[in-house]
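The values are calculated or read from the model by the stated rules, or taken from the named source; none is laboratory data. Small disclaimer: the values here were computed from a predicted structure and weren't measured. Using ideal geometry, Cβ is built from the backbone for each residue, glycine included, and neighbour counts are taken over all protein chains shown. Please note that ligands, DNA and RNA were not included when accessible areas were found on the heavy atoms of the full protein model with its side chains. Shrake-Rupley method; radii C 1.70, N 1.55, O 1.52, S 1.80 Å.
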Amino acid sequence: MKKQNLLLIFTRNPELGKCKTRLAAKIGDKTALDIYKFLLNHTAGITKNIKATVTVYYSNEIWEEDIWNANDCIKKLQKGRDLGERMANAFTQSFDEGYKNVIIIGSDMFDLNTSDIDDAFKQLEQNNYVIGPAEDGGYYLLGMKKVTPEIFKNKVWGTETVLKNTLDDIKKETYKLLKVKNDVDYYEDIKDVDAFQPFLKNKHL
């Protein structure tokens, strides 16, 4: 019997000076790390009761004792030279393990909630792909039901061309676009969001 739904969460190890570097350039490493930990907790919360198996992929090393409860998820290490290769390897391994529908998200999406992810899995029942477009021209969620290596090649990751180029790769396939959402990369992404004000209140920016 084929396994059904798998959610992949790509995360960076929350270490000072090594995460949210574009945000840190404006607000400092310590505040950026505090915000990233806040976002990690949000992501852990919205995925705890998801109707899918959850695998957390760490950027540098697997931490056994952290916010990701080993009873609720599988822990693995990202492998690859860039983001595209790392995602491609994770998807390939997931399908090799027998999963039918596989979705990947990052760990820094404050706008994302449990129902968004559940809806994405529902959309994969009728479509080969599902994509959550980000306001910056990338995507915050990608789901598929077959290995598609070209999606992860010839992309300039972190730029506004990623979504457009990805859609070009699957234009002959069935896909569903979810609501456009704001991810957190720069100070401008959070400066007017109430949830982040406690982190910014003593900052003179």
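Side notes on the structure shown:
- Dipole of the chain, positive direction: furthest Cα of Trp157, Ser107, Ala44, with charges on the beta-carbon: Trp157
- Among the trypsin sites (Lys or Arg not before Pro) in segment 71-158, those located in a DSSP loop and surrounded by at most 15 other Cβ atoms within 10 Å of their own Cβ are Lys79, Arg81, Lys146, Lys153.
- Sorted largest first, the principal axis extents computed over the alpha-carbon atoms of segment 86-135 equal 31, 26, 18 Å.
- Exposed loop sites here are GluC sites (Glu not before Pro) assigned a DSSP state other than H, G, I, E or B and surrounded by at most 15 other beta carbons within 10 Å; excluding them, the longest clear run of the chain is 16-60.
- By accessible area, using a 1.4 Å probe on protein heavy atoms only, the chain has 47% of its surface on carbon and sulfur.
- Kirkwood radius for segment 98-205, taken over all pairs of different Cα atoms as the inverse mean of 1/r, rounds to 15.1 Å.
- Here the chain is assigned +1 on the Cβ of each Lys and Arg and -1 on the Cβ of each Asp and Glu. Its dipole about the Cα centre then comes out at about 380 debye.
- Between helix 114-126 and the chain: long-axis angle, C-alpha atoms, 0 to 90°, nearest 10: 20
- Accessible surface, per residue, of the chain when the full set of protein chains is kept, probe 1.4 Å, Å²: 52
- Its residues counted as N, segment 1-88 yields a C-alpha radius of gyration over 2.2 N^0.38 Å of 1.17.
- Mean sequence separation of contacting Cα pairs (under 8 Å, at least six apart), scaled by the length of segment 50-89, corresponds to a relative contact order of 39 percent.
- Pairs beyond 31 Å (Cα-Cα), from Lys171/Lys191; Lys18/Lys171; Lys30/Lys171; Lys37/Lys181; Lys75/Lys179: Lys171/Lys191; Lys18/Lys171; Lys30/Lys171
- Amide H to amide H distances under 5 Å link Gln4 with Lys100, where only residues 5 or more positions off or on other chains count and H is placed in the peptide plane.
- Length-normalised contact order of the chain in % [C-alpha pairs under 8 Å, at least 6 apart]: 24
- To the nearest ten degrees, helix 29-47 and the longest principal axis of the Cα atoms of the chain are 40 degrees apart.
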